[in-house]
Each structure stands twice: as structure tokens, then as C-alpha cells.
Amino acid sequence: MKDWNNFLEEAKKHIPNSVECEIKMISAVNSLTRFANSHIHQNVEEEVSDVYLTIHKNGKTITLNSNITSIDSPNSFIEKALVQVDNSPDDQGWAGMPESESSFNGYKEVKSKDPEERADKVKKFIEVGKGFNAAGYCSTNVDHYFVWNTNGLESSDSTTSAFIDGIFRTDTSSGSSHRGATSLEDIDSEETGLEAFQLSKDSQNPEDIDPGKYEVVLGPEAVSTILVFLGVYGFNAKSKIEGTSPIQLDSQQFDEKLTLIDDPYRDKSLGFKIDASGAPKKTLEIVKDGVPKSLFHTRRTAKELKEENTFHELFGWGDSFGGIGTNLYLNPGSSTKEEMISDVKRGIYINEFWYCRVLDPITQVVTGLNRNGSFLIENGKITKPVGRLRFTQSFISSLGVGNVISVGSESRFADSEFGEGILNVPMLHLKDFNFTGGVSG
Amino acid sequence: MFDLLQQAVDSAIASGAKYSDARILNSKSRSISARNGDIEDFNESESIGIGIRALVGSSWGFYSTYDLSNASIINSGVKAYNIAKASARVPGKEFPLADVPVVEDEYTTPHEKNPFSISSSDQINLLAKSTEEMKKLGSSHASGRLDFWDTEKWFFSSQGHKIYQNIVESGGGISSLSIGDGETQIRSYPQSFGEYRTGGWEVVESFKFENELERLVEESKRLLTAPQCPEGTRDLILEGSQLALQIHESVGHAIELDRILGWEAAYAGASHLDLKKLNKHRYGSELMNIIADATLPGALATFKYDDEGTPAQRVNIVEEGIWKGVLTGRDSAAIAGVSPGGMVRADGYGRIPMVRMTNVGLLPGDSSLDEIIEATDDGVYMETNRSWSIDDIRLNFQFGCEAGWLVKNGKITDMVKNPTYTGITPNFWGSMDMLAGEDEWVFWGTPNCGKGQPGQVGHTGHPSSPARFKNVRIGVKG
């Protein structure tokens, strides 16, 4: 806060009246304790204070960013931007900056966690799986974000998060689990470890099964990966502008059992409540009973599509990545895990997907693999662990009308291929999922 | 800078660390992206900071800060020590560090034109004109990007290393995306996500974007109406940049010693390789000779010392198909009983150095792409990566390419779209029976290799030339 106030006070003196200007700062202490082979082997902490300066002048825009140490003075930083903006190309897409009415004051002083507190969480995780090989991390983060612009907006927000994520391994198996919360105290690392240990124990000596179409019961991490792909590539208004989004608003594109909300204000949501422009994010109904209802917008995409901004601009990416939802909640249903499994005639339980890549953005055909706990389900019962399978499957179709048999009754923050803390989801039971290869290729 | 580094390291050692090293980095970057003739993003970034590492017992502690005041520097050493010490609550077996020569030296990447000395207008104009022209030629979305990095590193260790390096990297690429009825097709140059090397603006000038614009647009449009790549088992011919990614994913990551030792198991994964099989395991056919060489002039992962002060070097990884070497750091090399290879790097002052691919490449053969095609009766030739996926022990992979062409009776015939192939690492490499020679050996660069927690983005190099693989499963569909 002191760095920000000092920088801003000085910077304001040197901004000409003739330009539009936006100044942002992120200050953070990010700490991560990493373990492998059942002991802590890496333990890191990073203090960050980065400044972003955008100047728009005579239809041209420049953005410079530096950490605070590499800026000689606010004056010289602004002078540099003023020189460079004249060499910049015309910026047809400039969409202005939020007005002062959008200011948000969410700053709070927070002390970062000690490495000993993370080590104790790791210890509890590891100890539940004695004899098995544990690996993973426990992280704690404190982030502050400040934004000011020449429209008079002055916003700040603070957020804390903590995660534990780990696996247990044997020579033939592995099992993983993950938890996220705003506070380290709210994470039960023993319960998390036990879940990973049990999956690893139960999935020893897996058998290969033939590729083909299977019913699947997906754990939260697998569900999260499907949704994050749709969020980043589908519901991003920039993808819509570029013609690569598969999303058709107001059509029954998904099964009616699915309702997806983006809500940064929900109790214990993770992340900032303001977007990179400094304005409060809107709470959005993304999918209502299977019908896509909204896209994620930034200033520029809203201008280009002549729609309302939803304020989902990512910090650090500017507008180049488009709008991304970072507080997605898939509404839970009514089925317990046991009920979902008991409904399967012949299918596969998948705990986690791995290395998923889009083959075609419009159909959202994605290939990837399973890992860290997969089981064959026959006649309502788990019968044996199964090995690696490669899927090649449209993520849109996987959630299509009639393909979602049931939605789990419990949800939690789940990890995804695009990071943690973005999605809070239950398990899903899907009718068809296309596996195209086994261990032998 | 060395005085500051010494203060930090002395502070960690005085606190009780058995070894400590520290790096100050001054990193400059410039990135420009364009779409359809407009500049979408122009960003310049600069950062200075210190990262200090302390070894206590069986764990590294690492602390980084932007604050280079004397008080902060001394505190950094204490913090790194305290972070490492906290790890003792869950201890492992203590390990030594492999011996490396203690040197004082300086190095600067050879380059002709520092990209930050070139007017940004010239760089902007190149992208704006290239993408504008492709748009006029009928591309649905013509895009391009350029990236430049100028990184100064000062390294100091408690053993007396004192090294300054200035690494300059440049590159970029252009793409034409065509949108059809419910599908998109793309063609990119020099490769998907751009081509990057150590060097200056001359790297980008050598690409000569202007010669490729028409071809990219024409091919991306033609792909929309091309037939699907047929399913089945056929001979597969890979162009060099796709083969570079194949090397990266199915060899480069698999030979990282930290993976083999399980240090990355929870996230990036482990490896199908077992150190007990070193010097015995057949990785591929006798044509397969893989090196890891951080001394190749102009390649993306070329430097003089790694981020532990170990000299850059060439290490033989696979010789005539037999697995011979691994990528190491001083800690992992000592644990495994192998020589440290100078392969540890971090992506900034704020990240702990870790095992990273250098220039992991396939040595050239004695054939040519033309000869390979002439010698193929029934195959598919694939160019430029579009998607990549491999399991967490680097065994089961599936790649998609931007474009494919059927090869019939020694001749390229029809273009096919959505070409994919899948396989198992040793079987696939074992099926390589023709390999193009030195004339077609290119130092492909990958600027976006993700690894580690917290995540780091690595710059790796992959010299390769086109090759043929027998009886590969192609045309996998969803």
C-alpha cells in the first residue's frame, strides 16, 4: 500500500492533461512448499511489486510494465511512455477506461503464512500414506491490486488463497487429491492426503481395457478441466469475435441439468473482485439449465460486439487474451458418488485428466489422457483399476443434451489445466465418452 | 551487483546454510502482436530483482525480491535459510552437490542487431504489413507476433562463482486462419507459435515473412475443402519443426533427471526411463542420435554457464538408438552418480533454478526430404504442429499437425486436413528408418515449455531434420 501511494502521488504530478492514463500495481507474496519422495525438497517465496502504465494519446496506445525497482522514478517512467506512444500504431480498438463511479475499495492488510505452517500441512498429508511415495505442494498467497485512471477511478482489492495438491504413488499406481480455500486454516490436509492415498492404494496393478465409447463418472478435477476449456475458448467473447467459439447463446447446447454461474462475491470465493481495468466484475449466469446465456467480456470485446462489458479482463494480459471467468461454480445436483457409480452399467471412473489439447476449437474436440485413479465400473460396482487411456472427444458433446446422466451433490474447488481456484464443481456422470487409444497406442 | 550478491550469500551461510548461491537479473522484453493489419498488443517490460537459494539438510530454500536495498539483501539470505530450515519438519536424505569448476567469467550472446536498438516502428510495420497483406489475400484472421528478450544475469555462489551473462533472444511468426462451415484451418510460419533463437533482429529478418504470405493464405483456405486425413497405419514423414516438438515431448522431458528421480511426479509427471537401464535401454532405431548441446551457435538454449554456474556443454543422450545420458543439475547429478551437465535454469529472478532442456536435438542423417518422399509408396507427410498431448511418463502421445499430404508411389499427391498421429515412444522412435541430412538440419526453438511449481516458462532448442517413421497409426478422430 505504501509503495502504491508513494508511486501514484508522484506519478500524478507528471501526467499531461491531454492524455488518458491508467496505472496499476500488483503486490504479492507467493509461497510454495513442494514435496517429493515423501519429503520437502523445495520451498520458495517470492515478493512482487509490478507496475503497469497505459497511456492513450491521439488515438495511439502504449503499455509499459516494470517491477518497481527497475523504474528510476515515476516521472521517468511516464516520460518514456509519452515518447513511445508517439511511435505506436493507431489503436482502433481503444475502448476507454472505467469511470470513477466504478471505484472499489477492497484493500486489507494481510500477513503472509510462515513456511512452518505449510510444512505442518504437508506433514499431515504425507503421514496418512506411510509406505507410499508422496509428492505435491502446499501454497499460500497474498495478493493486492491497485488501479487508478484519469477518469477518476481509484480501486484496490486484496485476496488470499491456499492450496494443497498431491499424489501418492506405488510402482503400479497413483492417486491424487486437491483442496483450495481462502485460508490455510480451512484446508484439511489429512483428509486430502487420505483421499489421494486411497485412490493410489485401490488403483494398484491396473488392467488395460479396450478403447471405445464408455459411460464415465468424472471426479471434480476432470469436470473442472472440461469446463475450463469451454470457459477459456468458448465463453470468451474474443473467441466469438474471431469466429472460433463453439458457443451458441440462447440455444439448448448443453444438458438441462447444467447451470454454470460466475460469481466473485460468493462467500469464500478466490481471487480479486475487480478485473484488470479496476471495475467490479459482474456476476453472470453463464449457462442456465443447459442454455448458454452470456460471454465473458473485456472493454475491447464489449465495444467490438456492441454489448455490455462484464469486466473479466485478466490482469497482466491486457486485452490480448480476451475475457475469462475466474469464479465459476457449476451448480451441484442431488446424486452422491455412490449413487452415480451404482447407476453405471459398464463405464469408467476418472479422477483426473491430463495434458488435454484442442484439436479443433469450433467443435472443441480435445485429446488427453486419464491419470491418478481410474477404475472400471461394471453393473454398478467398481470392479478393477484401469491403466492409461487416450480420449479424443468433443467437450461440447460430452455435456450435450441427454449426455449428462447426473450431477454430484457435493462440490469443491478443483484444479484444472489452466490453474487452480477458478472452478468449484461437483462430479458428473456422462453417458458417452470416446476413448481412442490404450497403453499400446 | 556482485557485492549485493555476496552480501546475500554470506548472510545465508552465516545463518547456517551449507551452500548458497544468488542471481540478480535485469530482464527486458518486448512483445508485439498484430491481427489483420492492426497492432493488438505492444508491450515492453523490465524487471530487476534477486533470487537467493540456500541448501539446508535435504531441502532448498529460495527467496526472491525486487527490493535491492542493503537491508533487504541481507534479510534475503536469512529468509532463504529460514525457508529451507522449515523443510526439516519433513526431512529427506541429505545430498552433496556435484563438483563443478569455480569460475569468474563474462559472456554475451553473439548478435548483430540488438532488437531493443531497432526502432519499434520497424518491428510494428513488419507485423502490420504482413498481416494486412494476408487479410487482403483472403485470410479470415491473419495474425503475427514478435518477441525479444535481453537478459543480464549476475551469478555468485558461496563456492566463489562470479559470472556475468547477457542473453539476447529474438523471434516470432505469422499465421493465416481460415474459417469454414463449422471448422477452422490454420497455416503458420516458420512454425506454430513462432520460431525463436538466440540472436538479434537479424533472426527475424532471416525469416523473410514476405515470401510466405500467399502460400499461408492459400493453404489455410485449401485445407477447408481438403479431405480428412485417412485413418489407418501408414508411413509417416515429419517436417523438421513437428519433429522438433516430438523430440521435446517424447525425449527431452523423459530424460530430465529431476523427473526420473520423482521430483516432478505430482505435476509435470515422471518418466518411463529407469536409471538402471542407462546404457542398455533401446530408445529408437540406429538412426537415432540425440544430443543435449548448449553450445550450438544461434540455437535458443545456448549460453555459456547455466544458473548454477556449470559450464555449457554437449552431452550424448542417445547413441545409435541406445539411451546414454540425462539432463542434470548439481544436486540430481550427485544423487544419481552422473556428471553435471550444465542444464539448470530459471525463467527469472523470482524462480528457483531447475533442470531444463538445453538444445536437445536429433543429429542429422544422410538422406533428404525429397529422397524420403521418393522412397515412400504409401504414406502421409505432415507439417507444422497444431496440437500435442503426451502422458505423464512420456510414453503415449498424440500429435496433430496443421497440414498433411498423401504420398503415393514416391510422389506428394493430395492435401489432407486435420492430420494426427499417435504412438508409444520407443516403438515410434524404433520405426525411424530415414533421416534427412545436415542441409535440412534446423535449430528449431520452443519458447513456451512449462514446468515446475510455481510454474516456469523455459526456452529450449531442438535441432532436427525431416524423418520417416514406418507403420504409424494416423488419422485418429473424435
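Taken together, the values in this text are just the output of simple stated rules run on the coordinates, not laboratory data. Note that the structure is predicted; figures quoted are calculated from it, not measured. Note that each Cβ is placed from the backbone with ideal geometry, even for glycine, and that neighbours are counted across all protein chains shown.
Computed quantities for the displayed model
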| quantity | calculated |
| --- | --- |
| Shielding of B:43-53 by partner chains, average beta-carbon count, 10 Å | 6 |
| Positive-end residue, segment A:206-441 charge dipole about Cα centroid, Cβ charges, pick of A:Tyr349, A:Ile241, A:Tyr265 | A:Ile241 |
| For B:Gln456, residues with placed amide H under 5 Å, excluding near neighbours | B:Lys451 |
| Near-label residues of segment A:405-434 by backbone N, under 19 Å of a point 7 Å along Cα→Cβ of A:Ser334 | A:405-411, A:426-430 |
| Computed over segment B:2-225, Cα set: Rg, Dmax in Å | 23.7, 70 |
| ³J(HN,Hα), Karplus 6.51/-1.76/1.60, whole Hz, each residue of segment A:362-376, x for Gly, Pro | 6, 8, 6, 6, 10, 10, x, 9, 9, 6, 6, x, 9, 9, 7 |
| DSSP-assigned coil residues among GluC sites (Glu not before Pro) in segment A:220-299, each with at most 16 further Cβ atoms within 10 Å | A:Glu256 |
| Angle between chain A longest axis and helix A:115-127 axis [Cα atoms, degrees, rounded to 10] | 10 degrees |
| In order through segment B:330-343: 3J(HN,Hα) via Karplus (6.51 cos²θ - 1.76 cosθ + 1.60), integer Hz, x for Gly, Pro | 5, 6, 5, 5, 5, 5, 8, x, 10, 6, x, x, x, 10 |
| Phi-based couplings in Hz for segment B:22-38 (Karplus 6.51, -1.76, 1.60; Gly and Pro marked x) | 8, 10, 9, 10, 10, 10, 10, 9, 9, 10, 10, 10, 9, 9, 6, x, 9 |
| Per-selection Kirkwood Rh - chain A (Cα, Å, 1 d.p.) | 23.3 Å |
| Förster radius 30 Å - calculated FRET efficiency between A:Tyr107 and A:Ser73, Cβ distance, rounded to 0.05 | 0.80 |
| Backbone N under 13 Å from the B:Ser117 label point (7 Å along Cα→Cβ), restricted to segment A:71-86 | none |
| Per-residue Cβ neighbour rank within 10 angstrom, fewest leading, B:Thr295, A:Thr326 | B:Thr295, A:Thr326 |
| Neighbour-count ranking [beta-carbon atoms within 10 angstrom, fewest first] of A:His39, A:His297 | A:His39, A:His297 |
| Per-peptide average of other Cβ atoms within 10 Å, ordering A:179-191, B:43-55 highest first | B:43-55, A:179-191 |
| Kyte-Doolittle mean at least -1.0, axial Cα span of 15 Å or more - DSSP H helices of chain B | B:2-15, B:70-86, B:120-136, B:213-225 |
| B:Asp306 long-range amide H proximity, modeled H, under 5 Å | B:Ala312 |
| Nearest-ten-degree value, helix A:2-12 long axis tilted from longest Cα axis of chain A | 40 degrees |
| Proxy reagent accessibility, fewest Cβ within 10 Å first, across B:Thr302, B:Thr131 | B:Thr302, B:Thr131 |
| Rounded tilt (10° steps) of A:74-87 against the dominant C-alpha axis of chain A | 90 degrees |
| For A:Lys108, distant residues with modelled amide H under 5 Å away | A:Ser158 |
| Cα convex hull volume per residue for the protein assembly as shown (Å³) | 144 Å³ |
| Computed E for B:Thr225/A:Lys213 - FRET, C-beta separation, R0 22 angstrom, nearest 0.05 | 0.15 |
| Peptide B:79-86, shielding by other chains (average Cβ, 10 Å cutoff) | 5 |
| Computed FRET value (nearest 0.05) for B:Asp378 with A:Asp289, which takes r as the C-beta separation and R₀ as 51 Å | 0.50 |
| Contour excess over end-to-end distance, with Cα ends at B:Ser206 and B:Lys129 and 0.36 nm allotted per residue | 26.0 nm |
| Charge dipole of segment A:318-392 about the Cα centre (unit charges at C-beta), most positive-ward option of A:Ile377, A:Leu359, A:Gly323 | A:Ile377 |
| Compactness of segment B:241-292, expressed as Rg and Dmax over alpha-carbon positions, Å | 11.8, 34 |
| Chain B: C-alpha gyration tensor shape, a/c 1.5 cut-off, then a/b vs b/c | oblate |
| Nearest-20 debye value, chain A charge dipole, Cβ charges on Lys, Arg, Asp, Glu | 680 debye |
| Only Lys, Arg (+1) and Asp, Glu (-1) charged, at Cβ; the protein assembly as shown dipole about Cα centre in debye | 1460 debye |
